[in-house]
Amino acid sequence: MQRFFIASLALTPIAAVAAVFGVAPTALFFLSALAIVPLAKLIGDATAEVAARSGPALSGVLNATFGNAAELLIGFFAIRAGLIEVVKASLTGSIIGNLLLVLGTAAFAGGLRYKTQTFNRTAAHANASTLLLAVIAMALPAILVHTSPPLHRDITHEELSLAVAALMILTYLAGLWFALRTHAHFFASDGESKAPQRGITRSVVILLGATGAVAAMSEILVRLIEPVALAFGWTQLFIGVVVVAVIGNAAEHTSAIVMATRDKMDVSLQIAIGSATQIAIFVAPVLVFASAGFPAPMNLVFNPFELAAIILSVLIVNQIVADGETNWLEGLQLLVAYGIVATAFFLHE
Amino acid sequence: MQRFFIASLALTPIAAVAAVFGVAPTALFFLSALAIVPLAKLIGDATAEVAARSGPALSGVLNATFGNAAELLIGFFAIRAGLIEVVKASLTGSIIGNLLLVLGTAAFAGGLRYKTQTFNRTAAHANASTLLLAVIAMALPAILVHTSPPLHRDITHEELSLAVAALMILTYLAGLWFALRTHAHFFASDGESKAPQRGITRSVVILLGATGAVAAMSEILVRLIEPVALAFGWTQLFIGVVVVAVIGNAAEHTSAIVMATRDKMDVSLQIAIGSATQIAIFVAPVLVFASAGFPAPMNLVFNPFELAAIILSVLIVNQIVADGETNWLEGLQLLVAYGIVATAFFLHE
Amino acid sequence: MQRFFIASLALTPIAAVAAVFGVAPTALFFLSALAIVPLAKLIGDATAEVAARSGPALSGVLNATFGNAAELLIGFFAIRAGLIEVVKASLTGSIIGNLLLVLGTAAFAGGLRYKTQTFNRTAAHANASTLLLAVIAMALPAILVHTSPPLHRDITHEELSLAVAALMILTYLAGLWFALRTHAHFFASDGESKAPQRGITRSVVILLGATGAVAAMSEILVRLIEPVALAFGWTQLFIGVVVVAVIGNAAEHTSAIVMATRDKMDVSLQIAIGSATQIAIFVAPVLVFASAGFPAPMNLVFNPFELAAIILSVLIVNQIVADGETNWLEGLQLLVAYGIVATAFFLHE
């Protein structure tokens, strides 16, 4: 496993060389996409090591920022390339991917080994509540725009999105304060300390290096979205929702599934729901702010089907979480729901 | 009761004779509709007897198929007659009828006799989860079509519905596997064995005979939908949602209410929620497949108000189920909700 | 506190005099709005005293009617002035205000003093269920109209609203019967008897006098909505959703927050959820009936964004209520949700 992981890091230089020598776009697209997966894991590990040496506050910010490095960088380059719809689709895809695909695979894989997997309802419910509020906040600009005649005053979708993004970041920071200060005892780590074995300097170097590599791969990836979409007859929406989202969250996917097969469904749930929440409440508003100066800035006006898919996914997860148990059938139902939604996005113009 | 039941079986030959002699359409419509009710009960009893002699797997399939014989046959003949909207309306009506009308009547009638009726929250919640997923799967083609510009590629609503129907049947079969193999112990029968008193041959003959009779009555019924709609000034939607749906589920309605008045709210809930789930996850996809060769095949693109009514009904039931208790007021609230929805369908063009 | 309260009653004669002398509309608008707040509290106290001397049935009706006197009177005068959209907006605003603003402030303020505030999940859940059903009933005419082509037959939005209003009043009366007769033991008062200290005659006089004063203030307020909207560049929708709704519910707001800071979160929840439910199931249908004879009668066809805001608020509250606990972060999240919705209404044309 470890050896395979190290070998897979070689994908990055291979993709870089391939880009220089002008390999066929489709091959390069998948090469750079695959290269991001082990890099995201490397960033995750290095972040954990640096965070273990930092105070809790810095640690929280580090985890949020670098834990979402791939999503943030791909999003940033895609916005710069004017692919706003791809970015919004990839946010949608990250949320439903975490809630249906990741959780579904975890519950299914875990359910094949254990008859019933139980988890702490209270904690899962608290996470699901935060998720619901995060998603509703993220969705409100879209709901407003789709249910209204032209907006009052000369406000643009981007200005509206900026206002909402500011409130979301505020809530995100309040959540950090809650977790780190006023209610830190709720979040006491579960023992199992991942003893950092490497020096802090080495970790920081790895962190920065891997982030730089993800940035390079993301830029290649984003540049090839249009030719690949053309070649396969895929829409940009589909690439965003399915392809980009799966890549951007591959590290979380792996961890959640591994944890489920070890009967640690609590951790799987926390990863999947927490990751979806961070997309809504951290990645989305950061991208709105980061793009504010661009000619085509990002907004939060998702299309109606994206909205419906997100809201239904959250409802489904709330339902699954409410009884404190999962089994293989629930996992399969989540996967089927993901299959139907992905098919729908494939067909959506 | 038993005598009345046997007498009511005479409705079938009466309706058949009336059809031959050309009785007024309205009279014949209600005659054939009423004739289906005792036949559905007869099929239910015979199925239970045959199933008791079969292995659990065959038994599950038998119950699903023959337990929904009336819905399936009416749906089949209506599709053959090109009445696609009536069929979709009757699926909608079956779901909201089971969730609001049947459950409402059961909780109200039971609540008049018992102050508070309690039931097993865990089991009810598991059923409600499956219902939610079933309904979302069934609704996704409609959500996609209503929230999208014209679909990508030249895919038709029918092809989309076929793909979703295939996934739903797969989930249905997985659910049977779950209930019969991997988690059979959860579903151990509650003792109270309905000792089969008749020979298996006699049961099979009754099963086939009654199913044939339902088929004949359904054909008469469906042929008269248009003239009756015209005569009463009802829309086909209203006939589908209210009239056809109530007839098709009359057997379940009776059982659920009887059980509630015996303070067996668990059974009432299981019948109502289970029946609604089977409509979504079994009857709907089977009708999509059965109609695939017809000139006007069935699809799953429900209209927006049908969608809203279904989703709200599921939300309401989830709410009712969450606290493990019902009383007469909750029953009345469900009935009022049904009344409002039925009124709305009456007014819907 | 008591002295401040008595002093604030002087706002009513001041506003009346100001109206006679033709003060600037904006000043008069806020003067009359502020005058209503202490009057609503006075009515509440007097109602409690009269109710304590009445039988439980009369008491329930008194509380519902006079407890909502401000909403009812403002609504009545606004309908008479033809401001139907303002009235519907103020109903929307009352519901989301109670659920997000009041509950949010209560949970936040309480959470600053107590780490975690617990409450009785069963009671809160029962209230949330009734709220959900009330809101769905209130919303169905709008859902029907927005998801349908022109309605069948020549029925108007007003006739549809009257039919639904009748069913809602019926449910409301059934709820009173439930609380006062068949299940009165559930609602036994918590001891803490508010011993009525004044004579019944005095209380009735205060009740009638204060109600008359609210009527006068409401009439002034409503007459000034249009000029004030113009002066501030606000839409009538915004005035209805935010300004009128906050004033009409100021008394409930204060009580709910005071109770939360005394760690009586149960009472806060009951006030906020109960108040939102009464708006949906009592105030809305009463206004529909009261306006039936007017040239521009009231209907229940809320606009799609109002619908979305109401339904999302109810979902959020259900989520918050499910775990039986609140903390300052949940309060903040509710307030942020209110902020986003209010911003949205500010921008909505």
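The values are calculated or read from the model by the stated rules, or taken from the named source; none is laboratory data. All of these numbers come straight from a predicted model, not from anything done at the bench. When we count neighbours, we look across all protein chains shown, and the Cβ atoms used for this are built from the backbone with ideal geometry, even at glycine. Protein only, heavy atoms only, side chains kept; ligands, DNA and RNA dropped before computing areas. Shrake-Rupley method; radii C 1.70, N 1.55, O 1.52, S 1.80 Å.
Data table
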quantity	calculated
Chain B, accessible surface, carbon-and-sulfur percent (1.4 angstrom probe)	67 percent
The range B:28-116: trypsin sites (Lys or Arg not before Pro) in DSSP coil with no more than 16 other Cβ atoms inside 10 Å	B:Lys115
Rounded if a/c under 1.5, otherwise prolate or oblate - chain C, Cα gyration tensor axes	rounded
At least 20 Å along the helix axis (C-alpha) and Kyte average at least -1.0, DSSP helices within chain A	A:25-53, A:121-147, A:157-177, A:200-223, A:304-322, A:328-347
Exercise: per-residue mean of other protein chain Cβ atoms within 10 Å, B:303-309	4
Top positive-direction residue, dipole computed over chain B with Cβ charges, set B:Ala280, B:Ile143, B:Thr65	B:Thr65
Packing-based ranking, highest mean first, of C:100-110, A:25-35 given that Cβ atoms within 10 Å are counted	C:100-110, A:25-35
Per-residue average of Cβ from other chains inside 10 Å of C:328-337	6
C-alpha center-to-center spacing [the range A:20-46, the range B:1-41] in angstrom	70 Å
Positive minus negative residues near A:Gly75 (Lys, Arg vs Asp, Glu; Cβ under 14 Å)	-1
Amide H partners (placed H, <5 Å) of B:Asp263, local residues excluded	none
Most mobile of A:Gly293, A:Gly324, A:Gly274 in a GNM of chain A (Cα contacts under 10 Å)	A:Gly293
Whether the range A:54-122 is rounded, prolate or oblate, judged on the alpha carbon gyration tensor where a/c under 1.5 counts as rounded	oblate
Label-to-label distance, nm, for residues given as B:Arg121 and B:Thr261 (7 Å Cα→Cβ offset)	3.0 nm
Placed amide H near B:Leu300: partners under 5 Å, 5+ positions off or other chain	B:Ser161
Cβ-defined net charge surrounding A:Ala292, 11 Å radius [Lys, Arg +1; Asp, Glu -1]	-2
Extension gain (nm, one decimal) between C:Thr26 and C:Ala174, 0.36 nm per residue minus Cα-Cα	49.0 nm
Peptides C:62-73, A:203-214, A:240-251 ordered by average Cβ neighbours within 10 Å, highest first	A:240-251, C:62-73, A:203-214
Distance from the range A:116-137 to the range A:303-338 (C-alpha centre basis), Å	12 Å
Convex hull of Cα atoms in the range B:229-318, direction-averaged projection (nm²)	7.6 nm²
Pairwise centroid distance, computed over Cα atoms, of the range C:258-282 with the range A:73-95, Å	42 Å
Computed [θ] at 222 nm, helices only, for chain C once each DSSP H run of length n ≥ 4 contributes -39500 (n - 2.57)	-23500 deg cm²/dmol
Shielding by partners, peptide C:169-175 (average Cβ within 10 angstrom, other chains)	3
Area buried, chain C against chain B - accessible surface, total, 1.4 angstrom probe, square angstrom	3100 Å²
Global form of the range C:1-104, assessed from the alpha-carbon gyration tensor, a/c cut-off 1.5	oblate
